[in-house]
Every structure is written in structure tokens, then in C-alpha cells.
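Visitor: Please see the structure below; I have some questions.
The values are calculated or read from the model by the stated rules, or taken from the named source; none is laboratory data. Quick caveat: nothing in here was measured; it's all calculated off a predicted structure. Positions of Cβ are backbone-derived with ideal geometry, glycine not excepted, and every protein chain shown enters the neighbour counts.
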Amino acid sequence: MPDISCSDWDESIGACIKHSVPQILCPACLAEKNPNIQVYFTIMDREFIGLERLFDSDSSASLRDLLPVGDQGDFLMQQAT
């Protein structure tokens, strides 16, 4: 699973400071497409997709498949580094 973080989230208390939501991956931040959200794909994420393609030649797996479906996933993919 990719590492998704935001400067508006306090991971030590597991909450979004900006919206006072007791949840990391704050739905309000995702809905407003907070530009402070950053997505990092790990080596393990990249290797998983590579293995999926290696063992299933018909696989169209991509890093995008590791993110939520819909607009939020599309936004997170844009934020990926």
C-alpha cells in the first residue's frame, strides 16, 4: 500500500487537524483535493505490480490499482511522487 500523508494530518493522534476529523486519510481533505496530500509508492508496491505482470501476461495491473477507485484515486495518483 502506498504511503499517503498530508501536513494537515497528525499521525501521532490519528486525526486531521484542519477538519477535526479523527481519521488519517481525512475524507474532507480528499474531497477538497487538498494540495498538501502526498503519495509515495514504495519499492514493494512497484515490485508487486511487476510480479503481477510477470506471472500473468494478460495483466494490465498498474500502480493506480493500489489506490481507491474513482475520483479520489485519480487525484491521489496525480499527487504521487
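Visitor: Considering only the stretch 16-27, how many residues are in a strand (DSSP E or B) and either within 30 Å of S62 (Cα to Cα) or aromatic (F, W, Y) (or both)?
Guide: 1
Visitor: Can you run down the residue pairs with Cβ atoms below 6 Å, 6 or more apart or on separate chains, where the first is in the stretch 27-52 and farther than 13 Å from D65 by Cβ and the partner is in a helix (DSSP H, G or I) and of a type in the set (A, V, I, L, M)?
Guide: V39/L76
Visitor: Looking only at the stretch 48-68, how many residues end up being within 21 Å of the chain's Cα centre (by Cα) and of a type in the set (S, T, Y)?
Guide: Number of matching residues: 2.
Visitor: Among the residues of the stretch 52-81, write down those that are surrounded by 12 or more Cβ atoms within 10 Å (Cβ to Cβ) and either of a type in the set (A, V, I, L, M) or out of contact with any helix residue (DSSP H, G or I) (no Cβ under 9 Å at 6 or more places or on another chain) (or both).
Guide: R53, A61, L63, L66, L67, L76, M77, Q79, A80 - these are the residues of the stretch 52-81 that are surrounded by 12 or more Cβ atoms within 10 Å (Cβ to Cβ) and either of a type in the set (A, V, I, L, M) or out of contact with any helix residue (DSSP H, G or I) (no Cβ under 9 Å at 6 or more places or on another chain) (or both).
Visitor: Suppose the filter is surrounded by 15 or more Cβ atoms within 10 Å (Cβ to Cβ), in contact with a Leu (Cβ under 8 Å, 6 or more places away or on another chain) and modelled with pLDDT of 95 or more; does I49 pass it?
Guide: It is false that I49 is surrounded by 15 or more Cβ atoms within 10 Å (Cβ to Cβ), in contact with a Leu (Cβ under 8 Å, 6 or more places away or on another chain) and modelled with pLDDT of 95 or more.
Visitor: Look at I13 and say whether it is surrounded by 15 or more Cβ atoms within 10 Å (Cβ to Cβ), in a loop (DSSP other than H, G, I, E, B) and of a type in the set (V, I, T).
Guide: Spelling it out, it is not the case that I13 is surrounded by 15 or more Cβ atoms within 10 Å (Cβ to Cβ), in a loop (DSSP other than H, G, I, E, B) and of a type in the set (V, I, T).
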